[in-house]
Amino acid sequence: GVFAHLETLEAQAHEAAMEEEETEQQEEKMARLKARVRELRLRRDKLQAKVDLRQKGLGKEGGMLDPAEPSARAVLEWKIRSLKAMLQVFYLTGISGKLTRRGVCFCLSTAYEGIYLDSYYLDLLTKPEVRIHRHSVPIFIPLEHIAKQYLQTDIRRFLAVLSDHLNAYTGRRYQAEQLQEHFSDQIEGTLQSNSLCNLLVFKYNVSSKSNTFPFSVRLLYSDLCCSLPTEVTVSC
Amino acid sequence: MDETVAEYIRRTVLKIPRDEIKAMLQKWGFLSESQLQTINFHQIKENISQEVVQLCEENSADIKQAAVLDIIYNHIYPNKRVWSVYQMNKTAEETEFFDLTDFKKKFKRRLRSALKNITINFREYEDNAIWIRIAWGTPYTKPNQYKTSYVVYHSQTPYVFISASVLKSNLPLLCQALVLASNYHDIREMELRSHSLNSLKDIVFKRYSQNFQTHYPRPLQERNVAPENADLRIIQENRSEKERIQRVNREVFGDGPQPKLEFAQYRLETMFKSDPKMDVLDKKEPFRCLVKFSSPHLLESLKSLAPAGMADAPLSPLLTCIPQKARNYFKIREKKGVFPESFVSP
């Protein structure tokens, strides 16, 4: 009787709500598509206008300028911009170079986890054979050793190996500096390191509740091309 | 506290400029803050040093602690000494792990095994520089704290900077200890000397500015743009020549400050070239002659020679090769061959 009636009414209300929701969604979709259509029409109109302008010639606007000159100049400027962008891309890869009168000058840039660190330069002569004229590579990087192995035979490998060494060195140095900076309250004194930053020794404290535990750490990086340690010794 | 230690501390404090004394004592850390508060740093140095000695007496300073103060002084004022550069060689190429404790142990052991009476102190700085102070004695006398040798070494590099004392006889022993401790095979003195330790480091570590050609746009130097003269009647007659000189100078010397050297010495062993009719020297012997350039800042003055109009640009490579060849003592001999030019001995 009454309950059954109420149930049917409930079911009807539910259905009506569902239908309303559906129509709402449809309307939203329609609105979105209409907006998209308007956007595309606008773009098309703009491009069309550009094409028309180019076809009619630019003399319509300036009047005094030679129609041929600005467009050649615009092309040149575009070329310069895209060349500069290309050089920027090369620089960002980490190894870039420029031909010099007597050879080529390479710039090796280093980075660690997205942070740009130092750049190092190598001025090479190419005649009578490839050799290093000047450089700004730190003295503790085994440049002569790497050059002896690869410079004459495979210059790409030479640059890749040297770049690995330099990137790993600056990465290790950066990590040591960050460690000293951000954990200075936990580390006792200063980090004991060396020029290549491939051996780090330090003491730090771990406190829990009322006790503090002193730890002694020794990080060894035997792979000079790697910025992570190969051997870690922690003693209490 | 020993009388000699007290006297040594007193004399070391007297060397320090009065305004710096407090800061240096704080760096030393031997006297506590409260003790330092009791000293009047505005009185004459004689009295300041007496007060410092008294406080050191209270803390019973020994010679090792006094030596640390000396290192700190020399580290802040290294230009009071003359530094020579030594280069070490090794044939093996395995990766070195330079362990500081290992280095110090080996160094001390080698020196002490040869000489019992010796004071050795180490101090490390953040730029990985290890400062070593050595006071030499003899088998029969205590170490003379006033005739000390200083060694500055950066780990994993082949260069050592030594400011030897008057006692040159201890130099071979010192070199031996360095080679042993740093795992190298031999050591030789380079022809590079100066008062400015940092400039010597700049030269051998190649930290000075070299002009490398790159595509990557770096901030342009403003020096090119000369201030426009208000008076347009003044015309630069040889502007292009001036610009050429600037350009050549920049190529050779780079843009940044030059390392500081006080002199360059050229020992000439070349033949005297004169009109054959004059016949000045009938014996064909090299005309021995020593040319020495002195300056408070030699390389900067060489850099300014051409722009000042006192020399032609480019300068002689004998002068401009100094930082690159890392030497300021040269021997120039006659080149044997077709060309009568002189060449620089290696």
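Laboratory data are not the source of any read-out in this text; all were calculated from the coordinates shown. The structure displayed is predicted, hence computed values, not measured ones. Neighbour counts run over all protein chains shown; Cβ positions are idealised from the backbone, glycine included.
Could you pull out the pairs from B:Lys22/B:Lys147; B:Lys90/B:Lys303; B:Lys22/B:Lys106; B:Lys64/B:Lys168 whose alpha carbons sit more than 29 Å apart here? As for pairs spanning more than 29 Å Cα to Cα, those are B:Lys90/B:Lys303; B:Lys22/B:Lys106.
Computed from backbone phi, the HN-Hα couplings of the range A:137-148 come to 7, x, 5, 8, 7, x, 4, 4, 5, 5, 5, 4 Hz, rounded to whole numbers (Karplus: 6.51 cos²θ - 1.76 cosθ + 1.60, θ = phi - 60°; Gly and Pro given as x).
Computed about its Cα centre, the charge dipole of chain B is approximately 1000 debye, with only Lys, Arg, Asp and Glu carrying charge at their Cβ. Lysine pair count for chain A (Cα-Cα distance under 23 Å; residues 8 or more apart in sequence or on different chains): 10. For A:Ile139, no residue whose modelled amide H falls within less than 5 Å of its own remains once neighbours fewer than 5 places apart on the same chain are excluded. Going by the alpha-carbon gyration tensor, a ≥ b ≥ c the square roots of its eigenvalues, is the protein assembly as shown rounded (a/c under 1.5) or, if a/c is not under 1.5, prolate (a/b greater than b/c) versus oblate? It comes out oblate by the Cα gyration axes.
Determine how many Å³ per residue the convex hull of the Cα atoms of chain B encloses. Please report the intermediate quantities before stating the final value.
Working: hull volume 94.8 nm³, N = 346.
Given the Cα convex hull of chain B, per-residue volume reads 274 Å³.
Global size of chain A: 33.6, 109 Å for Rg and Dmax (C-alpha atoms, Rg to one decimal, Dmax whole).
B:Lys273: which lysines have alpha carbons under 23 Å from its alpha carbon, excluding same-chain residues fewer than 8 sequence positions away? Filter leaves B:Lys283, B:Lys284, B:Lys292, B:Lys331, B:Lys335, B:Lys336. For the range A:118-218, the list of trypsin sites (Lys or Arg not before Pro) that fall in a loop by DSSP and count at most 10 other C-beta atoms within 10 angstrom reads A:Lys209. The ranking of B:Cys289, A:Cys197, A:Cys107 by Cβ neighbour count inside 10 Å, starting from the fewest, reads B:Cys289, A:Cys107, A:Cys197. Do you know the relative contact order of chain B, to the nearest whole percent, from alpha carbon pairs under 8 angstrom that are 6+ apart? Here the relative contact order equals 14 percent.
Calculated mean residue ellipticity at 222 nm for chain B: -10500 deg cm²/dmol, from DSSP H runs with n ≥ 4 weighted as -39500 (n - 2.57), summed, divided by the residue count and rounded to 500. Considering only B:Leu200, B:Ser32, A:Leu9, the residue lying farthest towards the positive end of the dipole of the protein assembly as shown is B:Leu200, judged by Cα position with unit charges set on Cβ.
For the range B:98-147, the set of trypsin sites (Lys or Arg not before Pro) satisfying both a DSSP loop assignment and a count of at most 15 other C-beta atoms within 10 Å is given as B:Lys116, B:Lys147.
In the range A:104-197, the ratio of gyration radius to Kirkwood radius, Rg to Rh, stands at 1.09 when only Cα atoms are counted.
Relative contact order, percent, of the range B:83-205 when contacts are C-alpha pairs under 8 Å separated by at least 6 residues?
Numbers: 204 pairs, mean separation 45.0, N = 123.
This gives 37 percent for the range B:83-205.
Look at the alpha carbon pairs under 8 Å that are at least 6 residues apart: their mean separation over the length of the range B:237-333 gives a relative contact order of 40 percent.
Give the residue list of GluC sites (Glu not before Pro) in the range B:3-98 that are DSSP loop and have at most 13 other beta-carbon atoms within 10 angstrom.
Answer in residue order: B:Glu93, B:Glu94.
Beta bridges per DSSP, both residues in the range B:237-333: antiparallel share near 65 percent.
Between the range B:294-309 and the range B:141-173, the alpha-carbon centres lie 32 Å apart.
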